[in-house]
Structure formats: structure tokens, C-alpha cells
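A short worksheet on the structure shown next.
The numbers here are math on the coordinates, done by the rules we state, and not lab data. Since this is a predicted model, take the numbers as computed values, not measurements.
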Amino acid sequence: MKTKITWLALAALMLITAPFQILAQEEEEEEGHFFSVSTYNWPFNKTEEIFEIMAEDKDIVDQNEFILSRKVLSHAWAGNFSVMIILEYASFEDVTKSQARGNELFEAKYPDEADREARGDKLSTLTGSGMHNDDIVQDNPSLTK
């Protein structure tokens, strides 16, 4: 009987203290950054012009304080040019904040609405109906090399 009471007391103690141990572990774990990953398949013969437009607007990305880094990766040997753009953010909230900030910076750089629309039309013409997909993912620091 005494052993049963001891086990019950131990079980109760574990149930009471477990949430605090879990919270302490959560506080110690590093939160991973968030990334938006966009993959595009663009016509091979248009990539130079597309990259020129992206270079013209690099300052918009550079000035956006919510974007920690950007990688533009392109396939080395493809007829249907594959490009992956990876943007890094400190938090999920920064993903949405960066979109609003990017719009502000874009409108400041191109204040005339007709100019902004012309740039969008030109880019759409160059990229064609190139398939793309978008993902928002989170880094797992404990598994990262």
C-alpha cells in the first residue's frame, strides 16, 4: 500500500511539474527563421532580360528591413530555365510586413502608376506563362549544419 501511495505521489508530482519543464525546454530551443521559396520555369532565351529587371530592383530588396537575405539560384543546364528565389525572414510576422514594405519601396521608386504597370506588363511578357510555386517554410536550427 505504501508503495502504491509513493507511486501516486510521484505521478502527481510529474504531472504538476511537466508543463514547466516543457516550457523551459521551449524557451531554450532556438526558433528557426522563415523562408519564402519561389520556383519559376522561365523561357531560356528571356532570362538575361528578366535578371536585368531584377537587378534594377535589387535596391528595393536591400532596403527592406524585414528581409534578412535573398538568394537567386538558377539551373545551370535547362532549356526551360529554372530559377529559385529564397527570401529569409526572422519571423512569420516579418513575411507579411516585408510584403507591405516592399510595396511602399516599389511605389517610392516608381511613383507613377503607369510606370509600375508597364514594368509589371513587361515582366509578364518576358516570363510568359512560366509555371511557378511558392512555399513559406521554417528552418529547424537543431537539424541544420
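For the reader, a short list of remarks on this structure follows.
- Calculated diffusion of region 53-93, Stokes-Einstein form, Kirkwood radius summed over Cα pairs, 10 °C and 1.306 mPa s, µm²/s: 134 µm²/s
- Prolate/oblate/rounded label for region 34-139 (Cα gyration tensor, a/c 1.5): oblate
- Set of aspartates and glutamates near residue 97 by C-alpha distance (under 16 Å), chain-local residues within fewer than 8 positions excluded: 62, 65, 88, 107
- Separation of alpha-carbon centers, region 37-82 and region 97-127, rounded to whole Å: 15 Å
- Checking the cross-link pairs 71/122; 46/122; 46/109 against a 21 Å limit on the alpha carbon distance flags 71/122; 46/109 as lying beyond it.
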